[in-house]
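> Structure in structure tokens, see below.
What follows draws every value from the coordinates through simple rules; no lab data is involved. Predicted model, so just to flag it, every value in this text is computed and none were measured. Here the Cβ is made from the backbone with ideal geometry for all residues, glycine too, and neighbour counts use every protein chain on show.
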Amino acid sequence: MHLTSLDFVTARTEFYRHPSALPEVEQSSIRQDLHRRDFTINTLALRLTPDRFGELLDFYGGQSDLESRLIRVLHNLSFVEDATRMLRAARLMARLEFDLEERTAELLDDALDLLERVSGERVMSELELIFRERQPELALQKLGELGILTAIHPGLVVDQWLIKHLETLCTGLDETPWCGIAPDAVHYLGLMAFSLARDELEGLLERLNLRVNQRATLKQVYIIKRRAAKIAKAKQSSALYYLLQDSSDDARLIAWLALDDKAARRQIIRFQTDLRDVAPLIDGHYLKQEMQLSPGPLFKTIIDTLRDARLDGLVTTLAEERAMAEQILEEEASSNR
């Protein structure tokens, strides 16, 4: 292992004003400092003083639990004090292939309803740590088995469908337009939330208090899902462009991963590969400088029409675009007479 930094702090203790509150910290002894850890396997310490250098401090049976491969809380109020420890327990169980100690499992089950008091930001922070695990799907399975996901939002389920699509997200993008994209929290959330109805999705967005860009992406995925049949049947490139133009690369990736409709998935690939960057040669600057037009709503009409025509192969050169733009101007002038 290569250490890049060391943190030096004084021994501390902490207390909670109420269940699931953030802790208040005071200076204390090493034993009390270790007592504030989440699980016994995280309470082990080594002395650094010259006279007893390297001596193991194990006040709470951490070494025994390491050898027994057990995740055990230090006391009966551990999950009451900090309900996010439930998510950390699942993460450690998956990473280390440890079991949850019997009494700890009972305490976790009894405290599940306390997750409602935990802020969305803190829950999301723990989920992001899980998403960054080497095998996040294993930790998500643990969250599901322990009832933690349901306590966060009743619509969240970990099943074989989700596991399969998470594996594709993590290892199966090499031959796609999204090659090189590192899986991000929004991709995991998008797959987890894909089957949710609109009101359920809105509830999840609020529960996790997601950032604006994350909310936008998940809403775009929902729209693509609702439009899947139209996307699959779109014949003209301009029609397909219209259906997908307002979605992000992330939203299209999630939808491509999650949709069962093979035709819709092919169309998303087509858009991502061939259509998303199509734009007419004539832009606003050209309309002002070369055609002496004043900026206004007609600019958008002209540019959108030219883009659709280029997408559908009706124009290919600047001269053809200009002729079409002039025709639009003539029709606009005639309608205003």
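> From the backbone phi of the range 241-256, what are the Karplus-calculated ³J(HN,Hα) couplings (6.51 cos²θ - 1.76 cosθ + 1.60, θ = phi - 60°) in whole Hz, Gly and Pro given as x?
Calculated HN-Hα couplings, in order: 4, 4, 6, 10, 5, 8, 9, 8, 4, 5, 5, 5, 4, 4, 5, 4 Hz.
> Calculated FRET efficiency, N336 and L281, Cβ-Cβ r, R0 30 Å, to nearest 0.05?
The calculated FRET efficiency here is 0.65.
> Hey, another quick one. At 0.36 nm per residue, minus the direct Cα-Cα distance, what do I223 and K262 gain on full extension? Give it in nm, one decimal, please.
12.3 nm
> Right, next: Of the listed values (i) 215; (ii) 124; (iii) 133, grab the one calculated as volume of the Cα convex hull per residue in Å³ from the structure here.
(i)
> Moving on. Between L129 and E55, what is the FRET efficiency for a Förster distance of 41 Å, r being their Cβ-Cβ separation, to the nearest 0.05? Kindly include the intermediate steps, with their values, before the conclusion.
Numbers: r = 32 Å, r/R0 = 0.77.
Efficiency, from the Cβ-Cβ distance: 0.85.
> For the range 41-120, which chymotrypsin sites (Phe, Trp or Tyr not before Pro) are in a loop by DSSP, counting at most 11 other Cβ atoms within 10 Å? Kindly include the intermediate steps, with their values, before the conclusion.
Numbers: sites: F53, F59, Y60, F79, F98; in loops: F53, F59, Y60, F98.
Here the chymotrypsin sites (Phe, Trp or Tyr not before Pro) that fit, given the DSSP loop and packing criteria, are F53.
> Further, regarding this structure: In debye, nearest 20: dipole of the chain around its Cα centre with unit charges on the Cβ of K, R (+) and D, E (-)?
My answer is approximately 560 debye.
> Counting helices only, and only those DSSP H runs with n ≥ 4, report the 222 nm mean residue ellipticity of the chain as the sum of -39,500 (n - 2.57) divided by its residues, in deg cm²/dmol to the nearest 500.
After summing the helix terms and dividing by residue count, I get -16000 deg cm²/dmol.
> I would also like to ask the following. Label points 7 Å out from Cα along the Cβ direction at L314 and D159: separation in nm?
It is 4.5 nm.
> Of T316, P295, L306, which is farthest along the charge dipole of the range 284-335 in the positive direction, counting Lys and Arg as +1 and Asp and Glu as -1 at C-beta?
The Cα lying farthest towards the positive end belongs to P295.
> For the pair E167/N76, report the inter-label distance in nm, with labels modelled 7 Å from Cα in the Cβ direction.
Once both label points are built, they end up 4.4 nm from each other.
> Would you kindly give the portion of the calculated P(r) for the range 206-337 that falls above 17 Å, as a percent of all Cα pairs?
64
> Tell me the label-point distance for the pair K233, D249, using the 7 Å Cα-to-Cβ offset, in nm and rounded to one decimal.
Result: 3.2 nm between the two label points.
> Two decimals is fine: what is log10 I(q)/I(0) at q = 0.17, 0.19, 0.24 Å⁻¹ for the range 49-106, from a Debye sum with one equal scatterer on every Cα and no solvent?
Once normalised to I(0) and log-transformed, intensities are -0.63, -0.73, -1.00.
> Still on this structure: Answer with one residue from Q220, A234, L57: the one whose Cα lies farthest towards the positive end of the charge dipole of the chain, charges on Cβ with Lys, Arg +1 and Asp, Glu -1.
A234
> Still on this structure, I have one more. Name the residues whose placed amide hydrogens come within less than 5 Å of the amide hydrogen of A45, ignoring near sequence neighbours (fewer than 5 apart) on the same chain.
L57
> Between the range 287-313 and the range 76-142, how far is it from one alpha carbon centroid to the other, in angstrom?
So the separation of the two Cα centres works out to 55 Å.
> For R31 and R69 in the same chain, what is the full-extension length gain: residue separation times 0.36 nm, less their Cα-Cα distance, in nm?
Taking 0.36 nm per residue and subtracting the Cα distance, the gain is 11.4 nm.
> Could you give the radius of gyration (one decimal) and Dmax (whole number) of the Cα atoms in the range 169-277, in Å?
For the range 169-277, the Cα radius of gyration and maximum Cα-Cα distance read 13.4, 40 Å.
> Give K262/K300; K235/K300; K164/K225 a once-over and call out the pairs whose C-alpha atoms are over 27 Å from each other.
Too far apart for the 27 Å limit: K262/K300.
> Stokes-Einstein D for the range 102-221 at 10 °C, 1.306 mPa s, Kirkwood Rh over Cα pairs, in µm²/s?
Stokes-Einstein gives a translational diffusion coefficient of 105 µm²/s.
> Here is a follow-up. On full extension of the chain, what length is gained from R47 through F299, given 0.36 nm per residue of separation minus the C-alpha to C-alpha distance?
Length gained between R47 and F299: 83.4 nm.
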